[in-house]
Amino acid sequence: MTPLERYLAAGVAAGCPRDQMDRLVRASVYLQRRQLLASAAARLCDRPDGPTSIGYGGARGGGKSHLLLAQMGADDCQRVPGLKCLLLRKVGKANAEHFEDLSRRLFTGLKHEFSGYLKLGLKLKPANTERVSGWAEVLQLLGDIDAGVAPRLFIHRRCGRLLETRPSLQHDPNRPEDVLKIDVDEDGGGGDDCADALRYLVATKARTVIQRKLSGL
């Protein structure tokens, strides 16, 4: 058997329908055995008497994210035109996974609009998520009135959640140079996501190209 034939056979043995395996191969998505079992379970949700949710556990890493995006993008979105998918993550438990990079590797060439922003002519790019330097820059821009340093960052009163969150930010006792991360509760309330969004805005800089004419000595 060729490697492709072995992969297709492994998928069928895991319970994946042949059309599902064909879509994964067309998208150049090659899953491991446990991922194939999860993809087969996802297809069971199509049945009237099938499950309404599935779980995929395991150690932290990119495997779960890879499976999730592969199943949605390479299979579900290809067989259901115009399908809308909502991807939710618990920010406090996030790994160093770059979803934009992963989606570009998986979805290149697939016939589906994976971002509504593109229709508006907006091209998204990953933010600078480095916490320590980001918070340091935010603190510097807020200034220090007592020391005579004028602020250069101002928050509009319409940013209600940010104004409510900022006074509650505190140093991380285990990493004093960082801000203590506060997650949302089970109902989606609280948390400091709006403050993190401010940090992303401040820390992420547009790339610039500087061209200079060199002169001799």
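The numbers here are math on the coordinates, done by the rules we state, and not lab data. Everything numeric in this text was worked out from a predicted model, so none of it was measured. Note that each Cβ is placed from the backbone with ideal geometry, even for glycine, and that neighbours are counted across all protein chains shown.
I'd like the chymotrypsin sites (Phe, Trp or Tyr not before Pro) in the range 1-92 restricted to DSSP loop residues with at most 15 other Cβ atoms within 10 Å, sorted by number.
Within the range 1-92, the qualifying chymotrypsin sites (Phe, Trp or Tyr not before Pro) (loop, at most 15 other Cβ atoms within 10 Å) are Y30.
Using amide H atoms built in the peptide plane, which far-off residues or other-chain residues are under 5 Å from V179 H to H?
D172
What list of ³J(HN,Hα) couplings, whole Hz, do you get for the range 37-52 from phi and the Karplus terms 6.51, -1.76, 1.60, once you set θ to phi - 60° and write x for glycine and proline?
Taking θ as phi minus 60°, the curve returns 4, 5, 5, 4, 5, 5, 5, 5, 5, 6, 6, x, 9, x, x, 9 Hz for the range 37-52.
Between T204 and residues 5 or more places away or on another chain, which pairs have amide H atoms under 5 Å apart, with H built 1.01 Å from N, and which residues are they?
N128
At Q32 and I155, where each label point lies 7 Å from the Cα along Cα→Cβ, what is the point-to-point distance in nanometres?
Output for this residue pair reads 4.2 nm.
Roughly speaking, what is the stretch gain from L169 to D144, that is 0.36 nm per residue apart minus the C-alpha to C-alpha distance, in nm to one decimal?
7.3 nm
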